[in-house]
Every structure is written in structure tokens, then in C-alpha cells.
Amino acid sequence: MCESSTGGVVYDCVVVGAGIAGCSVAYALAKHQNRKVLLVERDLTEPDRIVGELLQPGGVRALKELGLEHCVENIDAQQVYGYAIFRDDKQTCIKYPIEENNNNNNDDDENEDEDEDEGGKKKLAGRSFHNGRFVRRLREACAEVGEHRLKMVEGTVRSFVTETGDLWEDRKGASASGNEGNPICGVSYKPKSQEDAEDVDLVTAFAHLTIVCDGMYSTLRKSLIRDPKIELPSFFVGLLMKRGEGKDDDGCEIALPFPNHGHVVLADPSPILFYPISSTETRCLIDIRAKKLPRVSTGELAAYLREKVAPQVPQALRGAFLKAVDEGRVRSMQNKLMPAEVFTCDGALMLGDAFNMRHPLTGGGMTVALHDSKLLCDMLAQLKDFGSKPVVTRATKAFHTKRKPWAATINTLANALYKVFCRTGEEWNEEMQSACFDYLSLGGMYSQGPISLLGGLNPRPFVLVAHFFMVALYGIGRLLRPFPTPKGLVIGVQLLMGACAIILPIIRAEGIVRVFAPFLLGEKAAMGKTKGRQQGPGGKRKAA
């Protein structure tokens, strides 16, 4: 048990970072479980990012279950019903599943992620928006809980602390082997109001549980994971395109070919994304596979976008694309991949991009963060308090086990699909990409299965692997028709080997046993099932 040596407040939980994961878990713990929570954020001004703008239907559902569905209201968020995919001169449109309404559902609230069509069925939809507006709404929701339960402060966390308030030192190295006997009992931070002052004492906040959600550039990650395995596959270059009906004054066509859909262009050498983020704006993200971006100052990047990328952009968007390039509305960010590494450190855990990152191609990051927040809160709801470190540690271990199959499916899909959608110039790669496009174009189970995985609606690892190799076999079968040829056989073997080389390392990095057979680990993942209680929104504790 953590106790303040100075007799000050001891929070149930300190959350570091008020982004998607941090706000959602802090809100759920304080609002629905009556925990005393401190939320520490380095900068509470509205962020301005070029990613974290598309929330899949599974993420919208998790948001609703956390009691935060109102946060996508009043920010000009757009409904997204699926994806349009463009390859060379072909295009196809894949929609999220339509489900039968369950009239026996006693939920009084409308399902914000679902719209009824004329047949009384539910059209599932994601949401796209300005990331900063969404984060602002989440922070407003946290502020509305009240400081007696959820206190939000602006400051930079410098270190973890022990129960005496001293700097926490990683004695063993937080890892799967654990750091028992050296619990984390809170954090020390420097308030933003004093960031320019010298020789200012850091503020120490004691807590039974510390949750690190400080994002992809986490400063606390290495304190918990000694050697995080981070890959840097590419950059995203972002453009903001004004859109509307017809053409603008310059004759630039600015309407999306498929309204209320994400658009994926299978360009050479890597994909281009388009999706609406407001009623008047479209985000374009160009993936660039390079260790260094072309220079902006010398005009190299603008020239690359005009000469290499623009000719591959659909005609309906090309004028607006070039106009955005000419106006200089170009931003960039490094894409990062990092499989979730299971670690055991009494008193602390991580969520969000600080813990786990996948390629942002599929827009799965926020969905994973919100699902993890909901799952963690459900599991912590069973605990009367967080005072017993061994009990809390068992719960967090079980959380790591239970989240893995779900999250690993989203991660594997994103990373594998990115590799399939990148062109290498090899024949087997072209055949694999072409087979993937045509497989999705078949419709029925061939498109509904993958889009359900992508949307976070049915993220099961066996389903993902089945569809991935069905695509490979579909491509091989086409190579062998109408009859096998030596060239077709060679490319077919290369395609199968290439498919294995894409997906197997990704699954291995996630942990084969943890993904496909977590029950073999002997950890009590069943803690996710309540005993004598029912779960409410955000893991709310209710009497049975």
C-alpha cells in the first residue's frame, strides 16, 4: 500500500497524459467507479495533429460503453460507412456490415454508431473529425466530473516516486520477470506555471496505481520497458483539402468520389489516404517509405508530391490536392510500430501509444486505446480499492493477457495490410496486391470478414489469418489458370513465401501463444468476469 510520508493526499490513480487513452480511463474510473484520480497533462491547449482523426465503429462502441459518446457531438464529426479502394484504373467500395436490429435491447439510448436504413437494419458507422476537437471534448468531460473525484493539472511528469517520495529506480528492469519489492507509488511533476522558474521543487503526487498514457513520444516508457522494440517504417505527409459540392473558384473538383467513406489509393510505391474530417475539409495522408523525407525548404517535398504523387490521385481530387500543395499546407510525422511488451511492475502500467503502436494506415489506434481503457476499467471495477499492490498487479497481468488477442488482431491487420499495399516491383508482390483488391471486390464474406476486422467489430486472430491466406491462395489459383505454367508456379511459390514472410514475423512479435492460446499461460484472465457484480458503463460497479 502506498502512503504519503507527508500525510498528503493519496490518489487511487494517477494518469499521465490527457489524450485519448488517458482521458477515457481517468473519466471512467472517476465517474463510474468513484475513484479519486489525478490527471496530469503537459499541455492542455487543443492539440493539432494529422493522425488520430478516424475512429472505427468498434471504437465508437467502446466510447459509448465508457459513457463518452457525447464527445463526438458538436465537433462537426463525419460518419464513415466504409472504404473505397483505388488501384490503377479500378475501384471498389466496401461498407461496414449491416446488422439486424435487436428489438429486445433494453438500452434506452440510441446507438450513435448505428443508423437505421429503410429495412430497419443497423448501418454501422465510424466517425472522422479533427483530432484536437475530439481531445478537447474528452478533456471537457473529465473536467465536468469535478475535482473532488478527478483533478486535472498541467505539468510535466519527470519521474516515478517510491512510497517515501524518493526517485523511483528501476532495480531489476521492469519486464516480464517483474520488479516486485520496488513498487511505484506515484509521480513527481513540474507545474506548467513554473516551467520557466529555476530551483523549483517538483510536486509529488502519491497514488496506488499509476497509468502511463503519454503517447508515442513517451518519456516514461523506458523506465518501464528497458529496450522497447520500435520500428520506423515510413512517414505520413498530411495535406488539408477544402471540399464541397462541385468546383471551387479555381475549377478544382473537391468532392470525395464516395461521400462519407475513407479512400485508399494503392499508389506506387505506397498508399495514399483521403477521408473527411469536417463538413468542409478532407484530410490527405501520403505514405512515404524513407529514412528521411525530401526537404521542405528546398522544395523537394513539394516537387515529389506534384510529380510523383499527384498523377496517381483520383481525378476528382487531383485539383484540390495540387492546390493544397501549392498553398504550402504540408505537414509530416514519423510512423512508428511497437508491439505491446508484457511487463510487471507493481503500481504501474501503460496504455495507448505509449504501450503499443501499429501502422496508422487502418486507423486502429484510437479503437485499441478505447477498447483497452474499457477492458481495464471493467477488470479494476472488481477491486474494492487499489491499496493492495499484489491484488492490483494480478489484475493488470490479467488485463495484458485478455487484451492481447483483440489488440494483436488490429495490430497485425494494420502492419500486414501496409506491407501488402506497398509496391516493391516484384511480380509476386504485384500479384498479392492485385489478389487482395479483387478478393475484397468479390463482396459477401470476402469483403465483410476483412472490413469487420478493420472496423474493430470482429477482431479475432484466427479469422484474420484465415482471410490473409485465402487472399494468398486466391492469387495463386489465378496464376495457375487455365493451366499451370513454369512461370506461374514459380510466382505462386514466391507469393506464398512472401505472404508467410509478411504475417509470421508480425505475429511472432506480438507473441504466438498470447495471441492464439492465452489460456496456456496460466494467468487468471478470467478476472475480466465479474463475481457477484454486474458491469455498467466504464466498468461501473453495481450491486448484483
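The values are calculated or read from the model by the stated rules, or taken from the named source; none is laboratory data. Keep in mind the model is a prediction, meaning the values are calculated, not measured. Note that each Cβ is placed from the backbone with ideal geometry, even for glycine, and that neighbours are counted across all protein chains shown.
Of a type in the set (A, V, I, L, M, F, W, C) and either without any contact (Cβ under 8 Å) to a residue 24 or more places away in the chain or in contact with a Pro (Cβ under 8 Å, 6 or more places away or on another chain) (or both): is that true of VAL391 in this structure? Can you show your working first?
Values: of a type in the set (A, V, I, L, M, F, W, C): yes; either without any contact (Cβ under 8 Å) to a residue 24 or more places away in the chain or in contact with a Pro (Cβ under 8 Å, 6 or more places away or on another chain) (or both): yes.
Considered against the rule, which asks whether it is of a type in the set (A, V, I, L, M, F, W, C) and either without any contact (Cβ under 8 Å) to a residue 24 or more places away in the chain or in contact with a Pro (Cβ under 8 Å, 6 or more places away or on another chain) (or both), VAL391 comes out as yes.
Among the residues examined, PHE462 qualifies as at pLDDT 95 or above, within 30 Å of VAL342 (Cβ to Cβ) and loosely packed, with under 12 Cβ neighbours inside 10 Å. Pairing residues of the range 299-319 that are within 19 Å of PHE86 (Cα to Cα) with residues that are in a helix (DSSP H, G or I) and small (Gly, Ala, Ser), at Cβ distances under 7 Å and at least 6 apart in sequence or on separate chains, gives ARG318/ALA310.
Total residues in the range 53-67 satisfying the condition of being in a loop (DSSP other than H, G, I, E, B) and surrounded by fewer than 24 Cβ atoms within 10 Å (Cβ to Cβ): the figure is 1.
Within the range 453-522, considering only helices (runs of 4 or more DSSP H) that don't extend past its boundaries, which have at least 2 residues that are at positive phi and under 24 Å from the mean Cα position of the chain (by Cα)? Break it down stepwise before answering.
On the way: elements: 461-479, 486-510, 512-516.
Hits in the range 453-522: none.
Just checking, does the range 42-52 include any residue being acidic (Asp, Glu), assigned by TED's automatic domain parsing to the domain that holds ARG149, part of a strand (DSSP E or B) and closer than 30 Å to CYS185 by Cα? For the range 42-52, residues acidic (Asp, Glu), assigned by TED's automatic domain parsing to the domain that holds ARG149, part of a strand (DSSP E or B) and closer than 30 Å to CYS185 by Cα: absent.
Residue count for the range 194-207, restricted to those that are of a type outside the set (S, T, N, Q) and closer than 19 Å to LEU167 by Cβ: 8. When residues in the range 424-450 are screened for being in a helix (DSSP H, G or I) and in contact with a helix residue (DSSP H, G or I) (Cβ under 8 Å, 6 or more places away or on another chain), 17 of them pass.
Counting the residues of the range 374-415 that are small (Gly, Ala, Ser) and touching a strand residue (DSSP E or B) at 6+ places or on another chain (Cβ under 9 Å) gives 4.
Is it the case that GLY328 is over 18 Å from the mean Cα position of the chain (by Cα), modelled with pLDDT under 95 and not in a loop (DSSP other than H, G, I, E, B)?
Details: over 18 Å from the mean Cα position of the chain (by Cα): yes; modelled with pLDDT under 95: yes; not in a loop (DSSP other than H, G, I, E, B): no.
No, not satisfied.
Checking the condition part of a helix (DSSP H, G or I) and in contact with a Lys or Arg (Cβ under 7 Å, 6 or more places away or on another chain), which residue from LEU317, LEU301, LEU370 passes? It is LEU301. Of the residues making up the range 453-494, those that are free of Cβ contacts under 8 Å to residues at least 24 places away in the same chain and of a type in the set (Ser, Thr, Tyr) number 1.
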